[in-house]
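K.L.:
Okay, handing you the structure first.
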Amino acid sequence: MAKEIKTIGVLTSGGDAPGMNAAVRAIVRAGISKGYRMMGIQRGYNGLINGEVYEMNVRSVSEIIHRGGTILYTARCLEFKTKEGQAKGLARCKELGIDALVVIGGDGSFMGARALANQGIPCIGLPGTIDNDIACSEYTIGYDTAMNTAVEAIDKLRDTTQSHDRCSVVEVMGHHAGYIALNVGIATGAVAVLLPEIPFDFERDILERMRQTQVTGKKHFIIIVSEGVVGAQELANQIQAATGVDSRATVLGHIQRGGSPTVRDRVNASLMGYHAIDLLDKGIYNRVVAVSGEQLDPDHRRTGFGALEDDLVGEYGRVRRNAQPVHVFGRNGDFRNLQVQISAAEVRLQVQRVLAADGNRDAGDAADVHQHLVGVDVTRAHSLFVLRQ
Ligand code: ADP
Ligand code: F6P
């Protein structure tokens, strides 16, 4: 039987992401409209441990749908990774009468939610990170705004790059995932995109591509590098030394995390927030609200923003663009048994589509590439998998 819930806490955790405010707004208003008492927890698990908690009403979330950042603040809380820290969090929930929690954050934040769930606090996770690196969901809150911010900045860089016949090496964020870099690269018509999932060869992937376009008269170049692959300045220096093309490096950095959320982020965050409350209201918890195919499934079971049910593995399991991840928090409400299965054929198909859109590589490269793209999900999923109890 579902646990009786009267009071629901909400927190944002890990890196902030545009759209988190829209999610908080939807959660608070949906919760109040369904008769729950809503508590805002500040600075992630830090605030839970320290009691930085306040009751929220419908006006607490006024004028925030268009604002980046998070009105609840966010933090990284090392203490919450320990049993002692988690016990303090549980004690605080009991003290404040918080019966359930909605956690907006990335996979680290979900590990914290899992710890609380294992101690009997029903939790719902909302994917909130610009990196789009949550294995079960095709979309994470903030991803769209971050990409648009990066594209807008690179469009500006293009003007000056073109005027000087230069090469611009631009580093974008993404943590260990190349989604931002890949899509921004396509959207800005970059000559090359360096992803963490695909080892690159300087001669083949940079110099040869530049030469090919130089033959057709191109004199300026945009190269996108996902963070951690290679230093942007180092790469710019190498390119200048090897080609003689005047080169500059730009690290877009945290600008990608800020700003007013796009329509897509506002709408998805609002829908996901509403569904988090709806699921708790239905007695379904210890799940991540995931997006699949951008469809809203009215009974919360098949696809869309609904919870991922164990019994739907295989049948409706194609929730990730190139994978078959299904369990997020596992069965029996204890977040265990996370599983990710990859369909190589699906991955290959997806990669071929991406490469076709890119127009630079032929399908033959897909075979090399697909293993690496798979790595995006597998790597992240394994980090979850290893952490299971
Ligand atoms: P994100 O949620 O964006 O992936 P982090 O990985 O930094 O960001 O995690 C955010 C917070 O979630 C951490 O500071 C910590 O409080 C909590 N957290 C992360 N991993 C765990 C874990 N294994 N157990 C409990 N809490 C965790
Ligand atoms: O997860 C979001 C993200 O911005 C990553 O893209 C980046 O690697 C990281 O956070 C940066 O974290 P910090 O806020 O600690 O600089």
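K.L.:
For I71, indicate whether it is within 24 Å of the chain's Cα centre (by Cα) and aliphatic (A, V, I, L, M).
P.N.:
Yes: the conditions hold for I71.
K.L.:
Answer yes or no: is there a residue in the stretch 97-104 that is within 21 Å of G283 (Cβ to Cβ), surrounded by fewer than 18 Cβ atoms within 10 Å (Cβ to Cβ) and in contact with a strand residue (DSSP E or B) (Cβ under 6 Å, 6 or more places away or on another chain).
P.N.:
Yes, some residue in the stretch 97-104 is within 21 Å of G283 (Cβ to Cβ), surrounded by fewer than 18 Cβ atoms within 10 Å (Cβ to Cβ) and in contact with a strand residue (DSSP E or B) (Cβ under 6 Å, 6 or more places away or on another chain).
K.L.:
Just to be sure I understand, how many residues within the stretch 113-146 are more than 12 Å from ligand 2 (Cβ to nearest atom) and aliphatic (A, V, I, L, M)?
P.N.:
Result for the stretch 113-146: 8.
K.L.:
Could you tell me whether any residue of the stretch 14-30 is over 21 Å from the mean Cα position of the chain (by Cα), touching a residue at least 24 places away in the same chain (Cβ under 8 Å) and surrounded by fewer than 23 Cβ atoms within 10 Å (Cβ to Cβ)?
P.N.:
Checking the stretch 14-30: at least one residue is over 21 Å from the mean Cα position of the chain (by Cα), touching a residue at least 24 places away in the same chain (Cβ under 8 Å) and surrounded by fewer than 23 Cβ atoms within 10 Å (Cβ to Cβ).
K.L.:
Let me ask something else. Pick from the stretch 120-149 the residues that are of a type in the set (D, E, K, R) and more than 13 Å from ligand 1 (Cβ to nearest atom): which of them is surrounded by the most Cβ atoms within 10 Å (Cβ to Cβ)?
P.N.:
D144
K.L.:
When F110 is evaluated against the numbered criteria (1) away from ligand 2 (no atom under 16 Å from the Cβ); (2) in a helix (DSSP H, G or I), which criterion, by number, is the only one it fails?
P.N.:
For F110, the exception is condition (1).
K.L.:
State yes or no: is I98 outside any helix (DSSP H, G or I), within 9 Å of the chain's Cα centre (by Cα) and β-branched (V, I, T)?
P.N.:
no
K.L.:
Can you confirm whether I255 is at negative phi, surrounded by fewer than 20 Cβ atoms within 10 Å (Cβ to Cβ) and at pLDDT 50 or above?
P.N.:
Considered against the rule, which asks whether it is at negative phi, surrounded by fewer than 20 Cβ atoms within 10 Å (Cβ to Cβ) and at pLDDT 50 or above, I255 comes out as yes.
Per-residue answers, yes or no, for (1) part of a helix (DSSP H, G or I); (2) at pLDDT 95 or above:
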site: P18; (1), (2): no, yes
site: N46; (1), (2): yes, yes
site: I49; (1), (2): yes, yes
site: R59; (1), (2): yes, yes
site: E63; (1), (2): no, yes
site: E79; (1), (2): yes, yes
site: A87; (1), (2): yes, yes
site: L90; (1), (2): yes, yes
site: G120; (1), (2): no, no
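The values are calculated or read from the model by the stated rules, or taken from the named source; none is laboratory data. This structure is a prediction, so every number in the text was calculated from the model and none was measured. Note that we place each Cβ from the backbone using ideal geometry, even for glycine, and neighbour counts take in every protein chain shown.
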